[in-house]
Each structure stands twice: as C-alpha cells, then as structure tokens.
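Below: one structure, written as structure tokens.
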Amino acid sequence: MEQSKWVKWYLGAPGTVLGTVVGIVVVLVLEQIPALHEFANANLEFADQIHFIGRIYFRALTCVTIPLAFLNVTMCISDLVASQMRRKVLLVALTLFTTTCALAQGLFWCHFFASSFDGHAYLGGLPEADVTIQCPSRSSGNSPPALLQYDPSTGALSCVQSNFDGGYANFSTTSLPYEPNFPETYVKWFPSSIAEILNLINLVVPDNMTTMVMDNNVLGVVTFSLLFGVACGVRSRQDKGNRIVDILRELHAIFKTMLSYVVAVTPVAIIALIAAPLLAHTHTLAVDGPRLAAFLGTFVLAAIIHCFVVLPLILIVSTRTNPFRFFGLMKDALIYGFSCSSSRKSTPVASRSMDSLEGNRNVARFATSIGTCINKSGGALYVCMALIWTFRNAGLGSLLTYSKLGVVGVLSVIGSLAIPPVRTGGVAIVVTFFTYLSGVPITYSYSFLLVAECILDPLTTVINLWGNLLVARIASFNSV
C-alpha cells in the first residue's frame with residue numbers, strides 16, 4: 001500500500017529533525033520554569049530517567065536488527081552459492097577490496113580531524129558519595145571538623161577543614177546492611193593487544209550459540225549466517241525446492257515488518273534522547289554542535305575522495321572504462337538512490353542502466369542484486385567513523401590504540417553485512433560494537449549520532465550503490 005506524503009516525511013529525515021527540535025524545545029521550556037529547573041538540577045537521576053526511554057528504543061532496535069541481519073546474510077550467501085555464475089570469487093574479492101579502500105579513507109581522515117570530536121573525559125559512571133567521612137583527629141575549639149577529601153592537584157586523599165554542618169553516621173563496615181558497595185568501572189580494557197585480538201577471534205567463532213544470541217554478538221551471528229548460507233546454497237543446487245530457504249524468506253518478511261514498527265517510533269524516541277544529555281549538562285548545542293559538524297564534514301570528505309578518486313581509478317585499471325561516461329549512465333540510479341535512501345529500491349533502476357553497457361548482462365544484474373547485501377562500503381565507512389566519533393565524544397579517545405583501530409576496521413567490514421536496509425539501521429550495529437569495545441553502556445553520544453545518520457543515510461546509500469555498480473561492471477566485463 002502506498003504511503004502518504006506525510007507518513008514518508010515522518011519516517012524520513014524530516015521526522016528525525018522534527019523530533020530533535022521538539023527535544024530542544026522541551027529543554028528550553030523546562031529551563032524557563034523555575035520549579036522544574038530546580039527539580040531537574042536537584043535530582044541528578046532525572047535526565048537518566050528520561051534517557052531510559054531512548055535506551056528502550058535502542059534495545060528494541062538491536063533485538064530486531066540482529067535476527068534480521070542473520071536472515072539477510074544467510075539468504076544472500078545462499079543465492080550466491082546456488083547461482084551458476086563463474087566469477088564468484090572475483091565478485092567477493094572486489095567487494096572486500098572496495099570496502100577496505102573505504103575504511104582506509106575513514107581511518108586516514110579521522111586521524112587528522114579526530115581531535116575535533118573530543119568530548120569530556122569519561123569518569124566511569126561512579127555516583128557521588130552518600131556519606132561524608134570525618135578524619136579521626138579531633139578539631140580544637142569550635143573549628144569545623146576535618147573531612148577526608150580528594151585533592152585533584154596531587155591525586156591523593158587528605159584531611160581538610162570543611163564547613164560541612166550536616167550529621168555524621170557512625171557504623172561498622174563489617175555490618176552487612178551497611179557494607180559499602182563500590183561499583184566497578186564500566187570501561188573494558190585488555191592487558192595486551194594479543195589478548196584483545198584473541199577476544200575478537202572468540203567473538204567471531206563463539207563456542208556457545210545461546211550466549212551469542214543473548215549478548216547480541218553481531219560477529220558471531222554474521223559468521224554463523226555465512227556458514228549456514230553456504231550450506232543452504234549447496235542444498236539449493238541439489239534441490240531447487242529448498243524448504244529451508246522458503247522458511248527463511250518468510251521469517252525475513254516478518255522481522256522486516258517488526259523492524260518497521262520500531263523505526264516508526266524514532267522521531268518520538270529522539271525527543272528523549274536529545275533532551276536527556278542537555279538536561280544532564282553533559283552536552284550542549286554550542287559545544288557538541290561543532291563536534292557533530294566536524295564528524296559530518298569528515299565523513300563527506302572521505303566519501304568524496306572514495307567515490308570520485310579511488311573507485312574511478314579501480315574502474316580504469318580493471319576495465320579501461322571511462323569513469324565519467326559510466327557515471328553519466330548511472331546518474332539516474334544514483335539520484336534515485338539518494339532520494340529514497342535505499343539501495344534495495346534503487347537496484348532495478350541500476351540494473352536497467354547496466355543493460356546499455358558491454359559485457360555479460362546476466363552477470364551484471366546478478367552482481368548488482370547480490371551486492372545490495374554484501375557490498376556496503378558506505379555502511380562500513382559509517383560504522384568505522386561512527387565508532388571513532390563515539391569513542392572520542394564520550395571522552396574515551398585514549399582507548400583508541402592502533403590495535404583497537406585495527407579491531408574497529410575488522411568490525412566495520414563484518415558489521416556492514418549486518419546493517420539492515422532501513423533508516424537508523426547502522427546505529428544498532430554501532431551500539432553493539434561500542435559496548436563490546438569499551439564495556440560502556442548506552443551513552444548520550446548516540447543521541448547526536450541519530451541526528452547525524454538522518455543526514456548521512458542518503459549519502460551512505462549512494463556510496464553503497466556506486467561501489468556496487470562498479471564491482472558489477474568489472475565482474476560483467478571479465479565474464480565475456
């Protein structure tokens with residue numbers, strides 16, 4: 001059924017922008033009402049309670065995205081294995097090569113502009129102390145008691161005279177009801193680069209399928225879907241009426257419908273996601289707006305270099321094709337992909353554009369169709385740069401060692417396969433990977449990342465489509 005214009009706007013970028021504006025207006029209204037403003041400042045958990053709505057949204061998005069990613073990759077690999085096309089290895093190799101080139105662009109430009117992403121230092125989420133510890137020495141006369149305080153200049157604890165006039169609690173720390181509970185820091189660290197790489201391998205090849213699903217292990221899900229897809233493809237070559245593939249297609253339709261329901265509440269969820277960090281005073285528009293703009297500018301720069309320099313050079317070397325002529329023929333498909341922000345919807349238009357070129361037409365059409373799932377260089381570029389931006393904006397830039405950046409690259413390649421073909425689908429993958437890399441739960445940075453994705457989604461679609469068309473052209477040219 002055809003959607004109305006208003007529904008399309010609500011589900012598209014205008015809806016996300018509208019939710020962002022409403023969230024900002026809500027904060028401005030709260031700050032203008034003295035009673036509400038004092039209540040928000042006095043209750044430090046008020047912003048977290050509002051942000052809880054956004055965390056529910058991210059949780060729902062992740063829970064539906066992971067099964068959908070499994071079904072997407074499985075069906076795509078099954079079709080690839082079951083096909084009679086000879087240049088399958090060439091198709092996969094070109095896809096991996098173009099995706100790696102996109103990642104190299106992202107890492108290279110982030111190296112120069114990452115300092116523009118930096119946010120406040122991450123403090124581990126430790127709450128303020130509920131008790132005040134009085135030093136054992138007695139104060140003379142009517143002078144105030146000495147309290148144990150932290151000296152930031154020396155990093156040591158010391159007894160300092162204080163004007164604190166509250167009450168003091170005397171209790172034994174061995175008494176169970178009053179036993180102090182020190183929350184563990186959230187930040188995950190590894191003793192060495194080897195340990196981190198081994199942990200990555202353990203995630204790619206998990207030893208427990210149940211834990212893999214419960215922990216939203218995207219790497220393990222993609223690995224399993226690749227192997228399961230190969231098995232289904234081999235079975236389909238022997239039996240054309242493969243019931244398993246039919247069941248997977250029905251499940252894919254079900255989860256895609258479920259995901260559309262989750263995505264439909266994005267404009268509402270972003271109201272809470274934007275309002276929470278502004279109320280908590282961890283982010284401000286004046287400070288974090290330029291950081292987000294720097295991220296957008298860096299992404300656009302990497303995309304331009306990749307699309308107009310790297311990919312045309314690959315096309316010239318591989319086929320001796322004039323890239324300007326090829327771009328002119330694909331122009332309508334790229335414009336359509338930019339307008340609808342969907343590689344899948346623009347595939348028929350792209351396939352018709354490929355028919356006018358020399359080469360194996362059937363290979364070009366099949367490669368374009370398969371590439372919609374496996375050739376997502378734009379998605380890999382987004383996941384890579386979004387992870388770096390989230391680390392830096394959350395004040396965890398010091399964790400981005402060279403070994404971790406290498407892990408980020410591997411995660412981005414694998415994660416691009418799991419990105420569902422819907423708006424905000426990439427954020428779910430970024431959330432999962434960031435939690436794995438840092439151990440930090442959902443941060444306020446994701447709120448601004450949602451705003452960035454509504455702007456970058458059309459551009460990411462064009463990068464995916466342009467790389468897909470180029471790989472399909474090379475595959476068809478070498479199949480004559």
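The numbered conditions (1) assigned to a loop (DSSP other than H, G, I, E, B); (2) touching an Asp or Glu at 6+ places or on another chain (Cβ under 9 Å) are all true for G229 except (1). On the given criteria, is L399 surrounded by fewer than 24 Cβ atoms within 10 Å (Cβ to Cβ) and in contact (Cβ under 8 Å) with a residue 12 or more places away in the chain? Spelling it out, L399 is indeed surrounded by fewer than 24 Cβ atoms within 10 Å (Cβ to Cβ) and in contact (Cβ under 8 Å) with a residue 12 or more places away in the chain.
Inside region 187-201, residues that are at pLDDT 75 or above and either charged (D, E, K, R) or farther than 21 Å from L400 by Cβ (or both) make up a count of 1. From the list L259, L329, L313, the one residue that fits, being surrounded by 21 or more Cβ atoms within 10 Å (Cβ to Cβ) and either free of Cβ contacts under 8 Å to residues at least 12 places away in the same chain or part of a helix (DSSP H, G or I) (or both), is L259.
For (1) at pLDDT 90 or above; (2) buried (at least 19 other Cβ atoms within 10 Å of the Cβ), each residue gets a yes or a no:
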| site | (1), (2) |
| --- | --- |
| C340 | no, no |
| G359 | no, yes |
| F366 | no, yes |
| N375 | no, yes |
| C384 | yes, yes |
| L387 | yes, yes |
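Selection of region 81-96 for residues being of a type outside the set (S, T, N, Q) and either touching a helix residue (DSSP H, G or I) at 6+ places or on another chain (Cβ under 8 Å) or under 13 Å from N468 (Cα atoms) (or both) yields V81, A82, M85, R87, K88, L90, L91, V92, A93, L94, L96. Any residue at all in region 442-462 that is among the polar types (S, T, N, Q), closer than 28 Å to G12 by Cβ, modelled with pLDDT of 80 or more and in a helix (DSSP H, G or I)? For region 442-462, residues among the polar types (S, T, N, Q), closer than 28 Å to G12 by Cβ, modelled with pLDDT of 80 or more and in a helix (DSSP H, G or I): present. Of the residues that make up region 262-271, is at least one assigned by TED's automatic domain parsing to the domain that holds C384, of a type in the set (S, T, N, Q), crowded, with 18+ Cβ neighbours inside 10 Å and under 30 Å from N41 (Cα atoms)? Within region 262-271, one or more residues are assigned by TED's automatic domain parsing to the domain that holds C384, of a type in the set (S, T, N, Q), crowded, with 18+ Cβ neighbours inside 10 Å and under 30 Å from N41 (Cα atoms). Taking (1) among the basic types (K, R); (2) within 30 Å of P458 (Cα to Cα); (3) free of Cβ contacts under 8 Å to residues at least 24 places away in the same chain in turn, K240 satisfies each apart from (2). Suppose the filter is surrounded by 15 or more Cβ atoms within 10 Å (Cβ to Cβ) and within 20 Å of T460 (Cβ to Cβ); does A276 pass it? Here the answer is no, as A276 does not meet what is asked. Inside region 346-382, residues that are outside any helix (DSSP H, G or I) and small (G, A, S) make up a count of 2.
Checking region 270-290 against the condition returns a match, with at least one residue being assigned to a helix (DSSP H, G or I), modelled with pLDDT under 85 and among the β-branched types (V, I, T).
The values are calculated or read from the model by the stated rules, or taken from the named source; none is laboratory data. Everything quoted here is computed from the prediction, not taken from an experiment. We place every Cβ from the backbone using ideal geometry, glycine too, and count neighbours over all the protein chains shown.
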